[in-house]
1. Looking only at the range 33-41, decide whether some residue is away from the ligand (no atom under 15 Å from the Cβ), open to solvent by less than 10 Å² (accessible area, probe 1.4 Å) and under 30 Å from G142 (Cβ atoms).
2. Regarding M230, is this residue aliphatic (A, V, I, L, M), within 12 Å of the ligand (Cβ to nearest atom) and either free of Cβ contacts under 8 Å to residues at least 24 places away in the same chain or under 23 Å from Q36 (Cα atoms) (or both)?
3. Any residue at all in the range 91-113 that's closer than 26 Å to D254 by Cα, open to solvent by less than 10 Å² (accessible area, probe 1.4 Å), within 14 Å of the ligand (Cβ to nearest atom) and of a type in the set (A, V, I, L, M)?
4. I'm checking my understanding of the structure. Among residues of the range 42-74 that are open to solvent by 20 Å² or more (accessible area, probe 1.4 Å) and β-branched (V, I, T), which one is nearest to the ligand (Cβ to nearest atom)?
5. Looking at the structure I just gave you, is D167 without any contact (Cβ under 8 Å) to a residue 12 or more places away in the chain and more than 16 Å from the ligand (Cβ to nearest atom)?
6. Only one of (1) more than 11 Å from the ligand (Cβ to nearest atom); (2) under 26 Å from G182 (Cβ atoms); (3) not assigned by TED's automatic domain parsing to the domain that holds D147 is not met by K83, so which one is it?
7. Quick test for you: out of L209, L214, pick the one residue that is more than 12 Å from the ligand (Cβ to nearest atom) and assigned by TED's automatic domain parsing to the domain that holds R133.
8. Of the residues that make up the range 11-19, is at least one within 29 Å of D132 (Cα to Cα) and at pLDDT 95 or above?
Amino acid sequence: MENPYAPIPAVLDEVVDETPTIKTFVLSPKQPVEFQAGQFVQITVPGLGEAPFTPSSSPYEKGFLEVTVLRTGRVTDAMHELKPGATLGVRGPFGKGYPLDQCEGKEVLVVGGGVGLAPLRSLIYALLGQLDRVKRVAIKYGAREPDELLYRSFHGEWGGQEKVDIDTTVDVARNGWAGKVGVVTTLMDDMDIDVSNSLCISCGPAVMLKFVTLKALEVGYQPEQIYLSMNRRMSCGMGLCGRCNVGPYYLCKDGPDMCFAKIKDFPGVFS
Ligand SMILES: Cc1cc2nc3c(=O)[nH]c(=O)nc-3n(C[C@H](O)[C@H](O)[C@H](O)COP(=O)(O)OP(=O)(O)OC[C@H]3O[C@@H](n4cnc5c(N)ncnc54)[C@H](O)[C@@H]3O)c2cc1C
């Protein structure tokens with residue numbers, strides 16, 4: 001990165017309507033932006049500002065970059081109004097990636113809630129690209145309602161791979177939903193997972209991360225085996241501005257994916 005504050009121009013090639021509130025933006029940066037699954041970028045909407053997003057595309061894909069964005073405020077509202085051909089800015093990547101090296105030989109439990117499946121999709125792609133190195137990938141995913149389930153068209157493809165299974169649930173059943181109903185932690189009851197040889201990696205709203213962590217501990221995971229995507233307010237992305245600290249850690253630099261053992265004793269982990 002030459003000047004880490006200077007965004008690289010990126011042309012918006014495609015906008016994919018994922019759910020009523022979530023869109024995926026397919027970007028072609030003018031210079032390649034290579035990232036590890038779990039690292040994040042700052043996306044600039046010219047004249048408005050920037051916001052952090054973890055790419056949802058495969059880290060093996062060098063030609064384009066995808067971010068999947070929930071409409072929630074100023075920057076994300078503006079992004080949702082964009083049409084292909086617009087130019088955005090990309091800074092990064094920042095932070096550390098998911099602990100892929102630690103997944104070696106393990107059963108990887110991936111737990112996502114809502115738009116939290118977006119960052120996890122880059123992890124899923126990374127794991128699918130090295131399935132020979134893991135024992136299993138078990139994906140548990142929950143959304144508020146069936147229409148808000150992200151990447152539904154990919155679920156069958158992922159779950160159809162040897163060693164990969166996906167289980168989904170919704171908080172409220174609508175529109176003829178015949179699947180499971182309940183919060184995502186209900187999918188962690190009665191799991192046939194060898195917890196002693198497993199990592200639990202989770203991304204979603206803070207309240208969900210709290211209950212996923214409590215459930216993971218209840219079923220026998222040790223704090224060292226739990227990783228949480230701490231996707232909270234960040235600004236500089238480089239550990240300078242101090243907006244994202246938990247204890248001595250800068251989530252933008254030391255995370256955003258943090259081992260629970262490292263942060264569990266500090267205030268504000270789940271707020
Ligand atoms: C490392 C990282 C990765 C992220 N990856 C993704 C992603 O892949 N997809 C995605 O949709 N979002 C992601 N986010 C969250 C995203 O950055 C925020 O939704 C965005 O910054 C909101 O900007 P805004 O200007 O649209 O909203 P604002 O106008 O700033 O705020 C609107 C509302 O959203 C709340 N808000 C703002 N930021 C966050 C946040 N980080 N978490 C929860 N609530 C927030 C505010 O409190 C307010 O209620 C990520 C955040 C981080 C730090």
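1. The answer is no; no qualifying residue exists.
2. Judged against the criteria, M230 is a match.
3. There is no residue in the range 91-113 that is closer than 26 Å to D254 by Cα, open to solvent by less than 10 Å² (accessible area, probe 1.4 Å), within 14 Å of the ligand (Cβ to nearest atom) and of a type in the set (A, V, I, L, M).
4. Taking the candidates together, the pick is T72.
5. No; evaluated as a whole, the condition is false for this residue.
6. It is condition (2) that K83 fails.
7. It is L214.
8. Within the range 11-19 (the criterion being within 29 Å of D132 (Cα to Cα) and at pLDDT 95 or above), the answer is no, since none of the residues qualifies.
The values are calculated or read from the model by the stated rules, or taken from the named source; none is laboratory data. Everything numeric in this text was worked out from a predicted model, so none of it was measured. Positions of Cβ are generated from backbone atoms using ideal geometry, with glycine treated the same way; all protein chains shown enter the neighbour counts. Note: accessible area is taken over every heavy atom of the protein model, side chains too, but ligands, DNA and RNA are not part of it. Shrake-Rupley method; radii C 1.70, N 1.55, O 1.52, S 1.80 Å.
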